[in-house]
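Asker: Below are the structure tokens for one structure; questions will follow.
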Amino acid sequence: MKRNRTKLPGIYLGLVLAFIYLPIVFVVVFSFNGSRSTAVWKGFSLEWYQALFQDTSIWEALGNSLLLGVISCLAAAVIGTLGAVGLMKVEFRSKGVTEYISTLPIMIPEIILGMVFMAFFSVLSLPFGMVTLVIAHTAFCIPYILMMVKARMAGMDPALEEAAMDLGATPVRTFFDVTLPLVMPAVMSGAMLAFAMSLDDVVISIFVNGPRLNTLPVKVYTQMKFGVTPEINALCTVMLAVTLVIWGLKKLMDKGGNMR
């Protein structure tokens, strides 16, 4: 019996891919545009890449974003991991409520979080700057790591920890020698996701940012108020290229590990 074959799935897939990737292709192509206008193609040029690499304010903002992402993710990794272990190990009446509250920063709109952090830091008379950014981003990143570690621990065999303690290991040594190595892949995955969210954040950063400090998303946002320039397209292309290189290296490392 012959099956009726239709081209609709292929057409649908093509439309979805075009919807996702055509804007990216547009940005990459027009980053090499010789015209300042993003609507008219004047000719191939590397002018905007030269302007990008000579713009010290962009690189300073990028350095601030990377520093902020690393510090906030490290702090969130420690707090989120310990929080997940505590939620899995300790039984108490309000455990369900605590688990729900721990994920609220993900569900609450960022504009609300930004306003709350701004009001909180104002009450504490804490100067807005890198410190307030780190605190806000750490609180925002904790749930991503907590949920991943918690899911990882739910699939762990408790007999492994029990065996370590039966052999004389203290709870602290059991955590560092048994639990932490087992949950480390989840910690790393959550930290990478949290780093991406921190690097991408605009709304919260605008509310808690200082007047003399800029992160890259805030810098790009403020520049776009005067119109999208090919320099921003060049920046997006460079960041896309770096992301693809990292992805390719990870794939090669995974392939090499599987071959062993």
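The values are calculated or read from the model by the stated rules, or taken from the named source; none is laboratory data. Note that the structure is a prediction, hence the values are computed from the model and not measured. Ideal geometry is used to build each Cβ from the backbone, glycine not excepted, and the neighbour counts take in all protein chains shown.
Asker: Can residue 168 be described as out of contact with any Asp or Glu (no Cβ under 7 Å at 6 or more places or on another chain), free of Cβ contacts under 8 Å to residues at least 24 places away in the same chain, assigned to a loop (DSSP other than H, G, I, E, B) and assigned by TED's automatic domain parsing to the domain that holds residue 74?
Answerer: Taking the combined requirement at face value, the residue satisfies it.
Asker: Now for a different question. What about residue 174, is it in contact (Cβ under 8 Å) with a residue 40 or more places away in the chain, out of contact with any Pro (no Cβ under 7 Å at 6 or more places or on another chain) and farther than 23 Å from residue 105 by Cα?
Answerer: Spelling it out, it is not the case that residue 174 is in contact (Cβ under 8 Å) with a residue 40 or more places away in the chain, out of contact with any Pro (no Cβ under 7 Å at 6 or more places or on another chain) and farther than 23 Å from residue 105 by Cα.
Asker: Another question, if that's okay. So, of the residues in segment 52-98 that are in contact with a Lys or Arg (Cβ under 8 Å, 6 or more places away or on another chain) and under 29 Å from residue 154 (Cβ atoms), which turns out to be surrounded by the most Cβ atoms within 10 Å (Cβ to Cβ)?
Answerer: Looking at the filtered set, the residue picked out is 84.
Asker: A further question on this structure: Taking segment 36-51 as the search range and keeping residues that are under 21 Å from residue 23 (Cβ atoms) and out of contact with any Phe, Trp or Tyr (no Cβ under 7 Å at 6 or more places or on another chain), which one is surrounded by the fewest Cβ atoms within 10 Å (Cβ to Cβ)?
Answerer: For segment 36-51, the residue satisfying everything is 39.
Asker: Does residue 191 satisfy the criteria of being in contact (Cβ under 8 Å) with a residue 12 or more places away in the chain and under 14 Å from the mean Cα position of the chain (by Cα)?
Answerer: Taking the combined requirement at face value, the residue satisfies it.
Asker: Name the residue, out of 52, 62, that is assigned to a helix (DSSP H, G or I) and over 15 Å from the mean Cα position of the chain (by Cα).
Answerer: Residue meeting the stated conditions: 52.
Asker: Could you check, for segment 131-139, whether at least one of its residues is modelled with pLDDT of 90 or more, exposed (fewer than 13 other Cβ atoms within 10 Å of the Cβ) and under 30 Å from residue 212 (Cα atoms)?
Answerer: Within segment 131-139, not a single residue is modelled with pLDDT of 90 or more, exposed (fewer than 13 other Cβ atoms within 10 Å of the Cβ) and under 30 Å from residue 212 (Cα atoms).
Asker: Of all the helices (runs of 4 or more DSSP H) wholly in segment 88-162, which have at least 3 residues that are touching a residue at least 40 places away in the same chain (Cβ under 8 Å)?
Answerer: Helices (runs of 4 or more DSSP H) meeting the threshold: 110-123, 130-154.
Asker: Turning to a different aspect of this structure: Is it fair to say residue 176 is closer than 29 Å to residue 67 by Cα, in a loop (DSSP other than H, G, I, E, B) and of a type in the set (Phe, Trp, Tyr)?
Answerer: no
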